[in-house]
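Heads up, the thing below is written out as structure tokens.
The values are calculated or read from the model by the stated rules, or taken from the named source; none is laboratory data. It should be emphasised that the depicted structure is a prediction, and the values quoted were computed from it without experimental measurement. FYI the Cβ positions are ideal-geometry reconstructions off the backbone, even for glycines, and counts take in every protein chain you see. Side chains are part of the model used for accessible areas, which takes the heavy atoms of the whole protein and leaves out ligands, DNA and RNA. Shrake-Rupley method; radii C 1.70, N 1.55, O 1.52, S 1.80 Å.
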Amino acid sequence: MNVDYADVAIIGAGAAGLFAAAWAGRTNPKRTLVVLDGAQKLGAKILVSGGGRCNVTHDVVTEEAYAGGSRNAIRKVLRRFDVAQTVAFFQALGVELKHEATGKLFPTTDSARTILDVLLMAARRANAQICHPNRVATVNREPDGFSLCGDWGALRATSLILATGGKSLPKSGSDGHGFALARALGHSITERVFPALVPLTLPKDHFIAALSGLTLPATLEVRAGNGKKLVAFTGSTLCTHFGLSGPAVLDISRYFLDAQMDDPTVSLLLNWWPAQSSETLDAALQGLGWATPLKLLHEGLPERLVRGLCEQSGVDPGAPGHQITREQRKALVRLVTALPLPISGHRGWNVAEVTAGGVPLGEIDPSTMASRVCPGLYLCGEICDVDGRIGGYNYQWAWASGYVAGVSVGR
Ligand SMILES: Cc1cc2nc3c(=O)[nH]c(=O)nc-3n(C[C@H](O)[C@H](O)[C@H](O)COP(=O)(O)OP(=O)(O)OC[C@H]3O[C@@H](n4cnc5c(N)ncnc54)[C@H](O)[C@@H]3O)c2cc1C
């Protein structure tokens, strides 16, 4: 690295850090701007995101799609840089975004590389010097700013933006060390830091493992030990050899894992056929006569699944319905509409798309993303205690919070 001082240093050249750099430079081109990243290859996470296509944002983004810190603070930040501004930002750099039926927006090139390239270009055009691999090991508050050190040497800076991400996909460089840096500057980290948007595992011998590859729309619901419904998501659900994945499972994972830490008796229920109520299904099974449960259930469910569910409830799928006992019918209705999932765990940080927990939003001023505990420090992106649903919401948080931090530090 050929500099030892910058007006503004940014730790982390991920989505939030590059966005903050672009806006800090645009706001005040006279300031010297250095972005440090520990990774050998920049933007590894962006490149794999959205299945390699980068789901940049969503048609409709409100604070309701997020968990973690106060919804009010999240709304304030999101309003400062909305979806239309995101679209306009990329368009001005020559990147068109297309809307998909799910509400997700992707670059028309269907390549995450397009997004990474323009983010790097925007930061460099704003005169940011991007230095890597320059992992920041320690950071100290000095009387006139900050000192940052690593095995590459040291850098002094008047202002600092922490954009180190959280702990998801550690091989991309986001290994959680940013939390230690935030702590060193006086911040706390939420008591709970756990993987979100993460596939859930089931015991190896669970019948769902044998349905590996099956995808269908289903509803997942977290229920408290007393039976109270806490939260539910409906969407595509994928059976795998280890358990369950797909958007609905990823969305519910953080709520289930969080609730389970409060109360180990919470349960996760799966409704394979959300369009059918348990009462209607029960009545339809009772009225089968000589027709088979396979014929009835196959109207809404794949045959493999029907056979699996029938086997679990002791019902012969091909036998006339009048032979089904009351107990068997009740068991089958329950398995179809409210199957309790004995979740054994999750797939961990290497697979989780985002981090639940981080620097509490109460310690950050949402109108500037400035730290309330350390003057001259700003924070943005996933390091904050904010995690969004699947669908482009996490990037929209990175853009909005990066924008607010960038323009504020530039002023
Ligand atoms: C597989 C996968 C797919 C995803 N797909 C999508 C999607 O399609 N849409 C969506 O909205 N979200 C998606 N996400 C989530 C989204 O990528 C993140 O929320 C977002 O990238 C967070 O941006 P960030 O800049 O805050 O952190 P990061 O992207 O994690 O970047 C942090 C950067 O800081 C650097 N760093 C960390 N510590 C240090 C240090 N001590 N010194 C120097 N540098 C450091 C890291 O190397 C890294 O480059 C996906 C995530 C994953 C893992």
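Annotations
- Members of segment 296-326 that are of a type outside the set (A, V, I, L, M, F, W, C), touching a residue at least 24 places away in the same chain (Cβ under 8 Å) and more than 22 Å from ALA218 (Cα to Cα): GLY318, PRO320, GLY321, HIS322
- Only one of the numbered conditions (1) within 11 Å of the ligand (Cβ to nearest atom); (2) over 18 Å from ALA182 (Cα atoms); (3) crowded, with 18+ Cβ neighbours inside 10 Å is violated by THR355, and that is (2).
- Within segment 368-400, if we keep just the residues that are polar (S, T, N, Q) and within 8 Å of the ligand (Cβ to nearest atom), the residue that is least open to solvent (accessible area, probe 1.4 Å) turns out to be GLN396.
- Considering segment 136-174, and only residues there that are assigned to a loop (DSSP other than H, G, I, E, B) and among the hydrophobic types (A, V, I, L, M, F, W, C), the residue that is farthest from the ligand (Cβ to nearest atom) turns out to be TRP152.
- Considering residues of segment 119-135 that are part of a helix (DSSP H, G or I) and open to solvent by 30 Å² or more (accessible area, probe 1.4 Å) only, the residue farthest from the ligand (Cβ to nearest atom): ARG125
- Exactly one residue out of VAL404, VAL373, VAL336, VAL306 is in contact with a helix residue (DSSP H, G or I) (Cβ under 8 Å, 6 or more places away or on another chain), of a type in the set (A, V, I, L, M, F, W, C), closer than 30 Å to ALA182 by Cα and in a helix (DSSP H, G or I), and it is VAL404.
- Restricting attention to segment 60-96, the residues that are within 19 Å of ALA15 (Cα to Cα) and surrounded by fewer than 20 Cβ atoms within 10 Å (Cβ to Cβ) add up to 13.
- Applying the set (1) closer than 30 Å to PRO302 by Cβ; (2) within 13 Å of the ligand (Cβ to nearest atom) to THR201 leaves exactly one unmet item: (2).
- Which numbered condition GLY227 fails, given (1) on the phi > 0 side of the Ramachandran plot; (2) crowded, with 19+ Cβ neighbours inside 10 Å: (2)
- For segment 256-313, the set of residues classified as open to solvent by 60 Å² or more (accessible area, probe 1.4 Å) and under 13 Å from LEU335 (Cβ atoms) consists of ARG307, GLU311, GLN312, listed by residue number.
- When the criteria are applied in full, ALA15 meets the requirement of being in contact with a helix residue (DSSP H, G or I) (Cβ under 8 Å, 6 or more places away or on another chain), at pLDDT 95 or above and crowded, with 21+ Cβ neighbours inside 10 Å.
- Leading residue by the ranking (nearest to HIS241 (Cα to Cα)) among those in segment 327-350 that are without any contact (Cβ under 8 Å) to a residue 24 or more places away in the chain and surrounded by 15 or more Cβ atoms within 10 Å (Cβ to Cβ): ALA331
- Selection of segment 175-198 for residues being open to solvent by 20 Å² or more (accessible area, probe 1.4 Å), in a loop (DSSP other than H, G, I, E, B) and within 15 Å of the ligand (Cβ to nearest atom) yields ASP175, ILE189, VAL193.
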